[in-house]
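The values are calculated or read from the model by the stated rules, or taken from the named source; none is laboratory data. Keep in mind that this is a model prediction, so the values were computed, not measured. Here the Cβ is made from the backbone with ideal geometry for all residues, glycine too, and neighbour counts use every protein chain on show.
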Amino acid sequence: MNPLLTVSGLTRMYGNRVGCRDVSFELWPGGVMGIVGESGSGKSTLLSCLSARLEPTAGRVLYDTREDGPVDIYAMGEPRRRMLMRTDWGIVHQNPRDGLRMGVSAGANVGERLMAVGARHYGEIRAQADDWLRKVEIDGERIDDLPLTFSGGMLQRLQIARNLVTHPRLVFMDEPTGGLDVSVQARLLDLLRRLVTDLGLAAIIVTHDLAVARLLAHRLMVMRRGEVVETGLTDQVLDDPHHPYTQLLVSSVLQP
Ligand SMILES: Nc1ncnc2c1ncn2[C@@H]1O[C@H](COP(=O)(O)OP(=O)(O)O)[C@@H](O)[C@H]1O
Ligand SMILES: [Mg+2]
């Protein structure tokens, strides 16, 4: 068995400014990696490079394709990368409006993804959309409603359904619970944790919230100024942080 992702020396500069620098790690099937660090530490830059949305300045990301084993995601052709985005990868944006089509119904938002991978039977597409709306705790009666009428928490759950309906192997999430009320966050986290576990999904989750990392991630990478300063099992990193920056992050969470 190969790692799902093999990342080596990944670097992204913005002119002279460091986005992220010399990041290397492996992600195994079913593994959930959390990327934590304060604002500006390079989390989103790294996630974009990992998910084929931002070409790195140096380094490589190998993805273990079903057909040919590990392939460099930036060396493969655009059509193949697009196909992987539809079939193998999901992306959950912090702002659900970036990951949804606001002008079509909730059901269509989910069904569209199925059609993109070849589903043609209207009744089946609708049944699966309905099933997934229920999985993310959206009332089936809302299937024909536009997302415009949904609350923030519902939008985020709809975005999750749209991403998971095609059974991706790897999901990228950037602050999936950011911007939501605390009570709504807790419920969404609970749902996410259940789905990730039940589906055996591999995921990379960017968050500045250590409680989110604690709940969802098996392993953590702590970033500072674009570089990974500490990595390890989530509980170890949070309960016994070694790097002074991680110690600061952890202790600042405990203070009101
Ligand atoms: N499009 C961009 N152009 C120039 N600098 C950028 C751009 N995006 C991010 N940066 C810089 O890269 C660094 C990392 O940013 P980012 O990846 O957004 O961090 P985070 O997601 O942890 O807040 C910051 O110094 C930020 O100012
Ligand atoms: Mg960010």
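General observations
- Single residue of region 128-173 satisfying the filter (without any contact (Cβ under 8 Å) to a residue 40 or more places away in the chain and in a loop (DSSP other than H, G, I, E, B)) that is surrounded by the most Cβ atoms within 10 Å (Cβ to Cβ): 138
- Residues in region 210-256 that are in contact with a Cys (Cβ under 9 Å, 6 or more places away or on another chain) and closer than 30 Å to residue 198 by Cβ: 223, 228.
- Criterion violated by residue 102 - all others in (1) farther than 20 Å from residue 202 by Cβ; (2) without any contact (Cβ under 8 Å) to a residue 24 or more places away in the chain; (3) more than 16 Å from ligand 1 (Cβ to nearest atom) satisfied: (2)
- From 142, 187, residue being farther than 30 Å from residue 17 by Cβ, away from ligand 1 (no atom under 16 Å from the Cβ), basic (Lys, Arg) and at pLDDT 95 or above: 142
- The set of residues in region 178-207 that are more than 14 Å from the chain's Cα centre (by Cα), surrounded by fewer than 18 Cβ atoms within 10 Å (Cβ to Cβ) and farther than 19 Å from residue 167 by Cα comprises 179, 181, 182, 183, 184, 186, 187, 190.
- Residues located in region 181-231, provided they are within 16 Å of ligand 2 (Cβ to nearest atom) and part of a loop (DSSP other than H, G, I, E, B): 207, 208, 209, 225, 226
- Answer from 30, 90 - the residue that is assigned to a loop (DSSP other than H, G, I, E, B), within 22 Å of residue 220 (Cβ to Cβ) and more than 16 Å from ligand 1 (Cβ to nearest atom): 30
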